[in-house]
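What follows is a short report on a single structure.
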Amino acid sequence: MAKFIKADRLAEVEISAIVLMSEAARQRRAEGHDVINLGIGEPDFNTPDHASAAAISAIHNHDTHYPPIGGKPELKQAVAALYNGRGGSKRSAENIIISSGSKYTLLNAMLASVNPGDEVIVLAPFWTSYADIIRLCGGVPIIVPTDADRGFRPDIKAIQSAMSPRTRWLMINSPSNPSGAVLSAEDLRAVGDIVAAHDQCWLLSDEIYEHIVYDIDFISVADALGDLADRSLIINGVSKAYAMTGWRLGYGVGPAPLIAAMLTAQAQGTSGTTTISQAAALAALTGDQEILISRQQSFRSRRDLVFDHLRGMNGLTVSKPQGAFYIFPSWQNLMGWKTPQGMTLNEDMDFCRYILDAADTVIIPGSSFAMPGHFRISYATDAASLKTAMARMSQAIAALQPA
Ligand SMILES: Cc1ncc(COP(=O)(O)O)c(C=O)c1O
């Protein structure tokens, strides 16, 4: 068979531990185990009925032809209306791009702006895809850890020292996947001041978990950093808030020249987002928003349940997340401990494999988010499964033997 030669650009893009854990879980399930998956980053709710109905109408009305590349005017206008005037900035359709998921919006942004060797600062722990997307586009992710002991707040001094003449973007994500941390107005101002002081650097704010916050208000870059509107890109979408992950619809809000360049990239990628998903997204964004509140309440009680159980488990250190549907405990104090079978837990994957084998529960290694010594739990699942998983994990951890 002819030898396949993989492109160099994929050299550093590895199969993620999330995929490896899902594979291991599938295998264990096939062996007859009742596996609870706390690894998945999507809500267990359904798409709102009015959004689905709008999509069905679009099909019946034959709204099934090529879309405008950057999105249908009515959807772009609806998104622009959500942001117009905030932070003193006018926003119209030329400031908006609709893409097939906010992940694709991010890819467009990197394709449109990053030259080989350009640097992009990402704050660890961060969503796995950031570094891979930057690398795919020829960029160099510069990883700056947040302060885990202070609830994963940005380390402003460390960000300052990571800035270089090649820094093209500083990326932030609040509420954060995987830590659940939510940036305060002071955090945003401090990050904004760094960007403001470096002309070559722009700010990318991933606000996909905007509507999932507890105890405190979410603050958007649109409101807090209006002075940087001509150098910032907000990405968002309907996946998480409206449980519409499968519709693949996200959007970007930014200065017109950047959006135009992203459109050029998108034109050679997807040619635009499916018209049917756009109809559904328009209905979700402009229809009744009550579900955002009821779902937030539901996520909050699950967050409390999971947090209360985890902080009672000896050997774990856990910060209370203020948003998204993830919690990111440290298991560092258990490193080097032995399982009842005599295996030593040396790294994240050992710990997560042990929890899968001993507790039939899927959790994701912190190393996937550039912060080893931790693991991520997604609590976007029903309370009964969460309770069972917590009880099983607690038993499995109690069975470990000190080094
Ligand atoms: C932080 C973050 N940003 C973006 C996305 C991508 O969302 P989508 O492409 O479904 O809009 C995810 C999905 O897990 C995420 O966690």
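Bear in mind that the values in this text are calculations on the coordinates, not laboratory data. Predicted, not measured: the structure shown is a model, and the values here were computed from it. Cβ: placed from backbone, ideal geometry, glycine included. Neighbour counts: every protein chain shown.
Using alpha-carbon pairs under 8 Å, 6+ residues apart, how would you state the relative contact order of the chain in percent? If you can, show how the numbers build up before the last one.
Values: 806 pairs, mean separation 94.9, N = 403.
About 24 percent, as a whole number.
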- Message: Need one number: % antiparallel among DSSP beta bridges in segment 49-286, to the nearest 5.
- Response: 30 percent
- Only Lys, Arg (+1) and Asp, Glu (-1) charged, at Cβ; segment 188-327 dipole about Cα centre in debye: 520 debye
- Query: If the limit is 22 Å between Cα atoms, which of LYS72/LYS103; LYS338/LYS387; LYS103/LYS157; LYS240/LYS320 go over it?
  - Reply: LYS338/LYS387; LYS103/LYS157
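Just want to confirm a number: the relative contact order over segment 222-264, from Cα pairs under 8 angstrom separated by 6+ residues, in percent. It would help to have the intermediate numbers written out before the result.
On the way: 39 pairs, mean separation 15.4, N = 43.
So the answer I get is 36 percent.
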- Note on the structure: Under the Karplus relation with 6.51, -1.76 and 1.60 and θ = phi - 60°, whole-Hz ³J(HN,Hα) for segment 267-275, x at Gly and Pro, equal 4, 9, x, 9, 6, x, 9, 3, 4
- Using a simple spin-label model with points 7 Å from Cα along the Cα→Cβ vector, what separation in nm is obtained for GLN289 and ALA7? 4.0 nm
- Message: Through the Karplus equation 6.51 cos²θ - 1.76 cosθ + 1.60, θ set to phi - 60°, convert the phi angles of segment 398-403 into ³J(HN,Hα) values in whole Hz; use x for Gly and Pro.
- Response: 5, 7, 6, 9, x, 4
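If a/c stays under 1.5 just call it rounded; otherwise compare a/b with b/c (prolate if a/b is bigger, oblate if not). Do that for segment 187-328, with a ≥ b ≥ c from the square roots of the Cα gyration tensor eigenvalues. Please list the in-between numbers first.
Values: a/c = 2.20, a/b = 1.31, b/c = 1.68.
It comes out oblate by the Cα gyration axes.
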- Note on the structure: Magnitude of the Cβ-charge dipole (Lys and Arg +1, Asp and Glu -1) of the chain about the Cα centre, nearest 20 debye, reported as 400 debye
- Query: So, in nm, how far is label GLN160 from label ASP230 when the simple model puts each one 7 Å beyond its Cα toward the Cβ?
  - Reply: 2.6 nm
- Note on the structure: Checked against the positive end of the charge dipole of segment 174-293 (+1 on Cβ of Lys and Arg, -1 on Cβ of Asp and Glu, about the Cα centre), the farthest of LEU292, VAL191, ASN236 is ASN236
- Message: Given a 10 angstrom Cα cut-off, can you work out which residue in ASN236, ASN95, ASN333 is the most mobile in a GNM of the chain?
- Response: ASN333
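Assign unit charges at the C-beta atoms only (+1 for Lys and Arg, -1 for Asp and Glu), then state the dipole size of segment 195-261 relative to its Cα centre in Debye, rounded to the nearest 20. Write out the running numbers ahead of the final one.
Details: 3 positive and 9 negative charges, 75 e Å.
It comes to approximately 360 debye.
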- Task: Search the structure for amide H atoms under 5 Å from the amide H of VAL140, placed 1.01 Å from N in the peptide plane, and list their residues when 5 or more places away or on another chain.
- Result: GLY117, ASP118, GLU119, VAL120
- Task: Mind pulling the angle between the C-alpha long axis of helix 73-83 and the longest principal axis of the chain? Nearest 10 degrees, somewhere in 0 to 90.
- Result: 70 degrees
- Other-chain or far-sequence residues with amide H under 5 Å of ASP206's (modelled H): ILE172, ASN173, SER174, ILE235
- Query: Hey, fewest Cβ within 10 Å first, where do ILE172, ILE5, ILE276, ILE293 land in order?
  - Reply: ILE5, ILE293, ILE276, ILE172
- Query: Picking from ILE219, GLN160, GLY71, whose Cα lies most toward the positive end of the charge dipole for the chain (charges on Cβ: Lys, Arg +1; Asp, Glu -1)?
  - Reply: GLY71
- Computed over segment 49-286, the relative contact order (Cα-Cα under 8 Å, seq sep at least six) in percent reads 32 percent
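What FRET efficiency comes out for ASP49 versus ASP147 if R0 is 45 angstrom and r is the Cβ-Cβ distance? Round to the nearest 0.05. Before the final figure, lay out the partial values.
Numbers: r = 43 Å, r/R0 = 0.95.
Efficiency for this residue pair is about 0.55.
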- Item | Pairwise centroid distance, computed over Cα atoms, of segment 84-105 with segment 25-63, Å | 27 Å
